[in-house]
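The values are calculated or read from the model by the stated rules, or taken from the named source; none is laboratory data. Here the structure is a predicted model, which is why all the values come from computation and not from measurement. Cβ coordinates were reconstructed from backbone atoms using ideal geometry, including for glycine residues, and neighbour counts include every protein chain displayed. These area figures cover heavy atoms from the full protein model, side chains too; ligands, DNA and RNA do not enter into them. Shrake-Rupley method; radii C 1.70, N 1.55, O 1.52, S 1.80 Å.
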Amino acid sequence: MPEIQFREALNQAMCEEMDRDPDVFLIGEEVAEYDGAYKVSQGMLARFGPMRVVDSPISEAGFAGLGVGAAMVGMRPIVEFMTFSFSLVAFDQVVNNAPKMRYMSGGQFKVPIVFRGISGAGQQLAATHSWTVDALYAHVPGLKVVVPTTPYEAKGLLKTAIRDDDPVIFLENEAMYGHRGEVPAEEYLLPFGQADIKREGSHCTIVAWGHGCLTAMAAAEQLHKDHGIEAEIIDPRSLRPLDIETIAESVKKTGCCVTVEEGYPTCGMGAEIAAQVQEKCFDDLDHHIIRVGSLDVPMPYSKVLLNHVVPGAQRVAEAVKQAVYFQG
Amino acid sequence: MITLVEQSQKVEPSPAQMMDWYRQMALIRQFELRCAQSYQQQKIGGFCHLYVGQEAVAVGSIAAVRPSDYIITAYRDHGHAIARGMDCESLLAELYGKASGCSHGKGGSMHFFDREKNFFGGHAIVAGHVPLAVGLGWAIKYRKEDRVVLCYFGDGAMNQGAFHEALNLAGLFKLPIIFMVENNGYGMGTHVQRASAVVELKLRTGDAYGIPGKHVDGMDCLAMYEMTLAAAQYCRAGHGALFIEVKTYRYRGHSMSDPQKYRTREEVAGYQEHDPIGRLEKVLRAKNLLDDSKVQAINNEIHAHVEEAHHRADAAPFPQTQDVWKDVYANPYGPYQL
Ligand SMILES: Cc1ncc(C[n+]2csc(CCOP(=O)(O)OP(=O)(O)O)c2C)c(N)n1
Ligand SMILES: [Mg+2]
């Protein structure tokens, strides 16, 4: 299997879907002539021309809405936010017009649109530019929220997102664009709502996705090496729909659960998963569910503060040790 | 077209003023070059947008307003902060993420603040601060104060909804605000011609929002001063807001990681021939206020000043990790004692 970068996997997914369906187009800031602020759309302008790979002015509300309108007549826009922090300028389009059109019109309109871009902190961009928007968008009925962890998932899930008849929020992470992984040469799609077991283990379940999943994997390796603790890592891959069955199955086996996210803990994704897990596994839990997340503060600039706020492998490992009553 | 000031009312800046502006511009330039170096050394993180080439805009315009006037700008804010008199050490400390930084290490390059100096930031969301300028202007009018707001933003910001809502409000309520677009030709890698339906930016406010527009050459510090002085008088007289299109140019990339494939070296070199510092230097030489040795002495002095600020900032302590909890709220429980 060829090994490619995360950003190339996304690029391939978009190109293949644009080859397949003339109604697919990409719009966003610096996506065309600049080849993408993070080079995800490299070469696409040359290949598809300026009507299908479109540079927008800095008008997020405008071009997000343009996407929704075009989708209402059957086009399949891919709207790139340079980061999802800027999607907040277009919040109304993303949380009202996109997800509620079908419902409000009694099913007359579908909105097959993908909003994609980076989400997350860690680059010292300070409070306004460091949003992790997982929970913000997973809160909204009518939206689907997808977070790939590997290049393989990035490609398969993005192709599914583009073909989906509903709006999909597709969350990437800047720090992962250069990561390499095996991606099949032949075409494939991956379903939403189907979790992946990233690591098997019998002592504690960790639910983690995207960049947080990489943190969890590092923690799991450390726990294995240092203490023989075997964590099982469940990566839901889509947060809405959420594959609670696979998570619950694992928790029934391990008897405890740690959630890892890079967003705020209050009303966060971990809180939602914890609520659903205790509904399904109340009698199986030997310890309360532990949420690991960002500290509950706006993201600071200074590296020493930032590193304290964003959860690292150490904090995940500590949480797992607590959950399994490890006595060091 | 409105006339801002009668020719007879024009005040010629004094030699001392012009020398001061020359120093300020030279200081900004050396500060920015220090930043570029410190960024390479990874003392600075995140996004860092340099002001090199645009120095005359902040220096000439801020010189024309009073310390009591309000200033607000976008993320390319180093030049404005220095022109406002914030000291290099507190700015570098901020860039290095230190507790002694002007925002205590919470803000970084894009979020310089100084309440005492009426410097209201440093804002990273494109055009997100333009409505704030309207709020500042509203408060001035409400309290019947003798102040104006000087609000800077880039050409790219004019394509945001927030900008247009703000301009309409300012026009409607006749608020004392000078809206100053620093048109440096590009929003990131996108030329104005590829982003704006109308290329002459001042046309986008006058008829639309009842805010008269003016043009000024942003590479000319003296022209910046004169225009802003007249604009401030207009606002103070209660006529409402003004819009000034400043034509300028940034020599460096948009931020520290910009391959700049969207323009040629020749284009940059062409603008450098009209360098704002060189231009004022010529004026001062003609007036016998500067000669080679004075220029050298000034540059040496500024270099020493920036380097000292750098060393102090570099040696300053980082914030304590528990400081992350500070300043989230004034009081989480509101005006109650628990
Ligand atoms: C709402 C929003 N969208 C996108 C960005 C990313 N971004 C930062 S600066 C910039 C270009 C702005 O250009 P301009 O307003 O002309 O200012 P200049 O950088 O030229 O000073 C962009 C697209 C942002 N910070 N905020
Ligand atoms: Mg610009």
* Structure fact -> Here the qualifying pairs (Cβ atoms under 9 Å; residues six or more apart or on different chains; first in the range B:151-168 and away from chain A (no Cβ under 11 Å); second more than 8 Å from ligand 1 (Cβ to nearest atom) and among the acidic types (D, E)) come out as B:Y152/B:D77
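I'm checking my understanding of the structure. Among residues of the range B:140-177 that are more than 16 Å from ligand 2 (Cβ to nearest atom) and acidic (D, E), which one is farthest from B:Y51 (Cα to Cα)? Lay out the reasoning, then the answer.
Within the range B:140-177, the first condition is being more than 16 Å from ligand 2 (Cβ to nearest atom), and the residues that meet it are B:140-150, B:161-162, B:164-177.
In the following step, the residues that additionally are acidic (D, E) were identified as B:145-146, B:165.
Details: B:E145: 32, B:D146: 30, B:E165: 27 Å.
Taking the candidates together, the pick is B:E145.
Can you name the residue in the range B:184-194 that is assigned to a strand (DSSP E or B) and touching a Phe, Trp or Tyr at 6+ places or on another chain (Cβ under 9 Å) and is also nearest to ligand 2 (Cβ to nearest atom) among such residues? Quick ask: steps written out before the conclusion?
Restricting attention to the range B:184-194, the residues satisfying the condition of being assigned to a strand (DSSP E or B) are B:186-187, B:190-191.
With the extra rule that they be touching a Phe, Trp or Tyr at 6+ places or on another chain (Cβ under 9 Å), the set shrinks to B:186, B:190-191.
Values: B:Y186: 5, B:T190: 9, B:H191: 9 Å.
Only one residue tops the list, namely B:Y186.
Please verify whether the range A:178-185 includes one or more residues that are open to solvent by 60 Å² or more (accessible area, probe 1.4 Å), part of a strand (DSSP E or B) and more than 14 Å from A:M14 (Cβ to Cβ). Full working, then the answer.
Here is the first cut: in the range A:178-185, the ones open to solvent by 60 Å² or more (accessible area, probe 1.4 Å) are A:179-180, A:182, A:185.
This time we only want the ones that are part of a strand (DSSP E or B), so: A:180, A:182.
Pick out the ones that are also more than 14 Å from A:M14 (Cβ to Cβ) and you get A:180, A:182.
Yes.
Rundown of residues vs (1) within 14 Å of chain A (Cβ to nearest Cβ); (2) within 17 Å of B:Y96 (Cβ to Cβ); (3) open to solvent by 100 Å² or more (accessible area, probe 1.4 Å), yes/no style:
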position	(1), (2), (3)
B:A309	no, yes, no
B:P317	yes, yes, no
B:Q320	yes, yes, yes
B:K326	yes, no, yes
B:Y333	no, no, yes
B:Y336	no, no, yes
* Structure fact -> Checked A:P265, A:P236 against criteria (open to solvent by less than 40 Å² (accessible area, probe 1.4 Å), closer than 30 Å to B:D323 by Cα and either without any contact (Cβ under 8 Å) to a residue 40 or more places away in the chain or not acidic (D, E) (or both)); the one match is A:P265
* Examine the range B:174-185 for a residue that is open to solvent by 10 Å² or more (accessible area, probe 1.4 Å), away from ligand 1 (no atom under 16 Å from the Cβ), over 20 Å from the mean Cα position of the chain (by Cα) and in contact (Cβ under 8 Å) with a residue 40 or more places away in the chain, and state whether such a residue exists. => yes
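Checking the conditions here, which among B:A157, B:A197 is closer than 30 Å to A:G28 by Cβ and part of a loop (DSSP other than H, G, I, E, B)? Spell out how you get there, then give the answer.
Numbers: B:A157 fails: part of a loop (DSSP other than H, G, I, E, B).
It is B:A197.
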* Which listed residue, of A:Q123, A:Q108, is within 14 Å of another protein chain (Cβ to nearest Cβ), open to solvent by 30 Å² or more (accessible area, probe 1.4 Å) and assigned to a loop (DSSP other than H, G, I, E, B) -> A:Q123
* Structure fact -> If we take the range A:1-93, then helices (runs of 4 or more DSSP H) inside it with 1 or more residues that are open to solvent by 10 Å² or more (accessible area, probe 1.4 Å) and in contact with a strand residue (DSSP E or B) (Cβ under 7 Å, 6 or more places away or on another chain) are A:44-48, A:60-72
* Asked: Taking the stated definitions as given, is B:G240 open to solvent by less than 10 Å² (accessible area, probe 1.4 Å), more than 14 Å from every other protein chain (Cβ to nearest Cβ) and either within 16 Å of ligand 2 (Cβ to nearest atom) or closer than 30 Å to B:A269 by Cα (or both)?
  -> no
* Taking A:I229 and the conditions (1) within 30 Å of B:F318 (Cβ to Cβ); (2) surrounded by fewer than 23 Cβ atoms within 10 Å (Cβ to Cβ); (3) away from every other protein chain (no Cβ under 14 Å), which numbered condition does it fall short on, given that it satisfies the others? -> (1)
* Which residues, taken from the range A:295-307, are at the interface with chain B (Cβ under 7 Å from one of its Cβ atoms) and either more than 18 Å from B:E94 (Cβ to Cβ) or in contact with a Phe, Trp or Tyr (Cβ under 7 Å, 6 or more places away or on another chain) (or both)? -> A:L295, A:V297, A:S302, A:V304
